[in-house]
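Only the coordinates and a few stated rules stand behind these numbers; no lab work does. Please read all numbers here as calculations on a predicted model, not as lab measurements. Note: ideal-geometry Cβ built from the backbone for every residue, glycine included; neighbour counts use all protein chains shown.
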Amino acid sequence: MEILQTALLPSAWIAFATLTFLEIVLGVDNIVFLSIMSSKLPEHQQAKARSIGLIGAMLMRIALLFCISWLMQLTKPIFSFDTVWLDGSVSGQSLIVFAGGLFLLYKSVTEIHHKVEKTEQHDTKAKRTGLYSVIMQIVALDIVFSFDSVLTAVGLVSFTEFGYAGAMTIMVTAVVISIIIMLLFSGPVSHFVNEHPTIQILGLAFLILIGVMLLVEAAHLSNISLFGTTVGEIPKGYIYFAIAFSLLVEFINMKIRKKSDN
């Protein structure tokens with residue numbers, strides 16, 4: 001009955017549409033990582049890795065939504081420190097985000113190094129990369145992206161206005177639909193990335209940027225203050241604008257190169 005009442009509210013549909021859009025936007029970096037990691041596999045395994053990775057992300061986000069009370073506990077400080085030049089309070093959430101940022105930086109820099117060096121040893125190692133190894137790396141990063149996604153959902157949908165069942169229905173449905181849309185587009189995106197080496201490097205550069213953003217966000221969540229200056233949050237809009245602008249410039253370059261070849 002509560003779900004039916006929620007479905008009749010215009011505000012519920014607005015919240016659902018907004019949340020679905022945000023889930024897709026937040027999933028862009030996930031698709032880029034999926035595309036680059038799955039490209040290391042044989043062609044017949046790439047679609048399987050992408051599907052398992054995105055479905056795993058969906059299940060993880062839904063599971064976290066049903067563990068909201070536990071998730072909120074992660075925002076509470078675990079320990080604090082206060083020195084002459086550095087102070088802050090570290091939470092479980094900030095530790096997870098920090099670990100995700102480090103992992104993303106490590107993988108991105110390593111992949112760029114491999115592509116630039118392009119040695120026989122690196123090529124052999126890439127060919128030995130197994131399906132489950134790639135999936136485990138995708139799942140590891142999905143954990144970090146899922147926390148960001150779920151916290152956005154919880155902050156956007158009001159439990160007071162829609163009730164527990166209504167709010168959960170809105171959030172779970174938005175997550176499922178956004179993942180389905182990403183599944184539909186992950187194939188073409190991966191194919192495009194694999195066909196254009198410059199886009200791969202650009203994608204890895206984006207992941208470095210997102211990794212740095214996660215490290216700064218972890219410091220912000222920990223209320224880190226360095227020499228009396230508190231670390232602020234980097235607005236995600238700046239990151240996505242930089243990505244969109246870089247892609248636009250690269251598409252223009254590709255168009256020019258194509259005309260030059262003809």
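Computed values, structure above
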item: Backbone N within region 195-219 under 17 Å of label point (7 Å from T229 Cα along the Cβ vector); result: 216-217, 219
item: Order of H44, H113 - criterion: other Cβ atoms within 10 Å of each residue's Cβ, fewest first; result: H44, H113
item: Point-to-point label distance, I143-A63, nm (Cα→Cβ direction, 7 Å offset); result: 1.0 nm
item: Residues I179, I55, sorted so that the one with the fewest Cβ neighbours within 10 Å comes first; result: I55, I179
item: Label-point gap, in nm, between W70 and V176 - each point 7 angstrom along Cα→Cβ; result: 2.2 nm
item: Cα-based shape type of region 220-262, given that a ≥ b ≥ c are square roots of the gyration tensor eigenvalues and the cut on a/c is 1.5; result: prolate
item: Additional length obtainable on full extension of the chain from I78 to A242, 0.36 nm per residue less Cα span; result: 55.6 nm
item: Cα gyration tensor, region 12-118 - rounded (a/c under 1.5), prolate or oblate; result: oblate
item: Tensor-based shape of region 158-262 (alpha-carbon gyration tensor, a/c under 1.5 rounded, otherwise prolate or oblate); result: oblate
item: Given K48/K107; K236/K258; K107/K255; K76/K236; K236/K259, the pairs whose alpha carbons are separated by over 27 Å; result: K236/K258; K107/K255; K236/K259
